[in-house]
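Have a look at the structure below before the remarks.
The values are calculated or read from the model by the stated rules, or taken from the named source; none is laboratory data. From a predicted model like this one, the values you see are computed outputs, not experimental measurements. FYI the Cβ positions are ideal-geometry reconstructions off the backbone, even for glycines, and counts take in every protein chain you see.
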Amino acid sequence: MDTKPIASSQTTSNLYEKDFYAWTQEQAKLLQAGVWESLDIVNLVDEIESLGKQVRQELRNRLGILLGHLLKWEFQPNKRSKSWFFTLREQRRRILQHLDENPSLKPYLPEALQKAYEDAIDLAARETSLTDKDFPAECPYSIEQVLDATFLPGEPIESGQNWVVEN
């Protein structure tokens, strides 16, 4: 890869506005070459902070989907489906993987759970015949329950279902 800087700091700042992808490639080349004086520091700082926010947002989004399906599962037991079950399993797995890859997010879990619960109520109300008032105002599940692959709120799975609950 050519590590020769192709632009000055002023030019790379303009590139940021005109062609973000080209800007990222230029910044990577400058970093690899150690050409610190040509880096677009202001925009690099913004982008690094933005990446951190995206990682937190992914956790909240996945928790929102998971919580929404837990609510649907608990409050509409007669409409439980294989699809709901596997959504619960998939979101739990992906959240745990995300936390393994980003362990510094673990202390953020209580706050993320509360923020995600608002989205969960919207999801559950949108996808059921219930309204947002039919669900508890505060999240009824602990973090441990939410992430526990064996936890299914409400009535047990109907007998005869062949859905497998595994850790």
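Within region 119-131, the presence of at least one residue that is under 20 Å from K53 (Cβ atoms) and outside any loop (DSSP other than H, G, I, E, B) is confirmed. Q161 satisfies every condition listed in (1) at pLDDT 95 or above; (2) exposed (fewer than 14 other Cβ atoms within 10 Å of the Cβ); (3) not acidic (D, E) except (1). Close Cβ contacts (under 6 Å, 6 or more residues apart or on different chains) running from residues in region 85-98 that are farther than 14 Å from L59 by Cβ to residues that are assigned to a helix (DSSP H, G or I) comprise T87/H69; L88/H69.
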